[in-house]
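I'd like to ask some things about the structure below.
The values are calculated or read from the model by the stated rules, or taken from the named source; none is laboratory data. Because the structure is a prediction, the values reported are computed rather than measured. Glycine also receives a Cβ, built like all others from the backbone with ideal geometry; neighbour counts cover every protein chain displayed. These accessible areas exclude ligands, DNA and RNA; they are computed on the full protein's heavy atoms, side chains included. Shrake-Rupley method; radii C 1.70, N 1.55, O 1.52, S 1.80 Å.
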Amino acid sequence: MSRGLFITLEGLDGSGKTTQINRLAEWLKKRGKLPVVTRQPGGTATGDRIRSLVLDSRSAGLAPLAEMALMFADRAQAIAEVIEPALADGRIVLCDRFTDSTEAYQGGGRELGSQVVLDLHRLVCGNLQPDLTLLLLPSLEASLARARRRNERIAAQSGKDEGRFEQELDGFYGRVREKYKEIAAREPERVVLIEGDLSIDEVQQKIAEAVAAHLWRFACTPSA
Ligand code: TYD
């Protein structure tokens, strides 16, 4: 059986990744491909516990290196438990965030630099690379306003606190955005940059075009 296709979605908080990943999953299903959809941090039982730890505002004072190590612990578990088995089975994997997030947020935002992230990725993740990365970069103002509103709504509805990153100041997010752009410029073959405040339908159209262009190259066998 041929290996599956590994697609990641990346972008700032509130960039609309979740809406787009759901739409992309539907788009693929209509074409007979049932994708495995997952997210980071999270997506496994262990990963969900790491997620609550790193995203909770009460985890104040988490050292940047500790934060990065937790992101990689989560990722190593997800690769072993979900991503590799699905790819080996010929499936399409849609992953909401992957190592580009660590490079952008911890490497850029927390100023740890790219090198340590890329080194750890080689050591901890066997240097697994996505076949295609869709990078959504709306303006900083639009995405952050959306992310903060969403976290307030979730906190009010469920009492769940996932707002630790959204409390960061705009300087942090400016660095995250710049690092994302640097990654896109460094790896244009892998990363499709969708920039600007486009409508949900416009972004979906661009994503569909990029994925369609990749699909013919991979003999993904859909499984139920
Ligand atoms: P996510 O739930 O995808 O947030 P959103 O839906 O708002 O995009 O991700 C949670 C947060 O975790 C987000 O602020 C980015 C951060 N993060 C990192 O800092 N490093 C990482 O390696 C990952 C995967 C996420």
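Name the single residue that is least open to solvent (accessible area, probe 1.4 Å) among those in segment 156-180 being away from the ligand (no atom under 13 Å from the Cβ) and within 20 Å of Thr19 (Cβ to Cβ). Break it down into steps so the answer makes sense when it comes.
To start, the set of residues in segment 156-180 that are away from the ligand (no atom under 13 Å from the Cβ) comprises 156-159, 169-171, 174, 178.
Now narrow it down to the ones that are within 20 Å of Thr19 (Cβ to Cβ): 157-158.
Values: Gln157: 143, Ser158: 76 Å².
So, considering only residues that are away from the ligand (no atom under 13 Å from the Cβ) and within 20 Å of Thr19 (Cβ to Cβ), the one least open to solvent (accessible area, probe 1.4 Å) is Ser158.
Out of the residues in segment 29-55 that are away from the ligand (no atom under 11 Å from the Cβ) and charged (D, E, K, R), which is least open to solvent (accessible area, probe 1.4 Å)?
Lys33
Return the total of residues in segment 1-41 being among the basic types (Lys, Arg), within 16 Å of Val192 (Cβ to Cβ) and touching a strand residue (DSSP E or B) at 6+ places or on another chain (Cβ under 9 Å).
Let us first name the residues in segment 1-41 that are among the basic types (Lys, Arg), namely 3, 17, 23, 29-31, 33, 39.
If we keep only those that are within 16 Å of Val192 (Cβ to Cβ) as well, we get 17, 23.
Of the ones still in play, those that are also touching a strand residue (DSSP E or B) at 6+ places or on another chain (Cβ under 9 Å) are 17.
Within segment 1-41, residues that are among the basic types (Lys, Arg), within 16 Å of Val192 (Cβ to Cβ) and touching a strand residue (DSSP E or B) at 6+ places or on another chain (Cβ under 9 Å) number 1.
Let me ask something additional. I'd like the full set of residues that are within 12 Å of the ligand (Cβ to nearest atom) and more than 22 Å from Gln205 (Cα to Cα), limited to segment 133-144.
Leu144
Now for a separate question. Of all residues being away from the ligand (no atom under 13 Å from the Cβ) and free of Cβ contacts under 8 Å to residues at least 40 places away in the same chain in segment 91-117, which is least open to solvent (accessible area, probe 1.4 Å)? Just the residue, please.
Gly113
Does segment 108-121 contain at least one residue that is among the β-branched types (Val, Ile, Thr) and either outside any helix (DSSP H, G or I) or in contact with a Ser or Thr (Cβ under 9 Å, 6 or more places away or on another chain) (or both)?
First, the residues of segment 108-121 that are among the β-branched types (Val, Ile, Thr): 116-117.
Retained after the next criterion (residues that are either outside any helix (DSSP H, G or I) or in contact with a Ser or Thr (Cβ under 9 Å, 6 or more places away or on another chain) (or both)): 117.
Yes, that holds for at least one residue.
Leu9 - would you say it is surrounded by 23 or more Cβ atoms within 10 Å (Cβ to Cβ), within 11 Å of the ligand (Cβ to nearest atom) and touching a residue at least 40 places away in the same chain (Cβ under 8 Å)?
Details: surrounded by 23 or more Cβ atoms within 10 Å (Cβ to Cβ): yes; within 11 Å of the ligand (Cβ to nearest atom): yes; touching a residue at least 40 places away in the same chain (Cβ under 8 Å): yes.
Yes: the conditions hold for Leu9.
Within the bounds of segment 156-168, is there any residue that is modelled with pLDDT under 80 and closer than 24 Å to Leu87 by Cα?
no
Quick check on Phe172: is it modelled with pLDDT under 90 and out of contact with any Lys or Arg (no Cβ under 7 Å at 6 or more places or on another chain)? Can you show your working first?
Working: modelled with pLDDT under 90: no; out of contact with any Lys or Arg (no Cβ under 7 Å at 6 or more places or on another chain): yes.
Considered against the rule, which asks whether it is modelled with pLDDT under 90 and out of contact with any Lys or Arg (no Cβ under 7 Å at 6 or more places or on another chain), Phe172 comes out as no.
Let me ask something else about it. Working carefully through the options Glu26, Glu84, find the one that is of a type in the set (D, E, K, R) and either in contact (Cβ under 8 Å) with a residue 40 or more places away in the chain or within 15 Å of the ligand (Cβ to nearest atom) (or both).
Numbers: Glu26 fails: either in contact (Cβ under 8 Å) with a residue 40 or more places away in the chain or within 15 Å of the ligand (Cβ to nearest atom) (or both).
That would be Glu84, the only listed residue that is of a type in the set (D, E, K, R) and either in contact (Cβ under 8 Å) with a residue 40 or more places away in the chain or within 15 Å of the ligand (Cβ to nearest atom) (or both).
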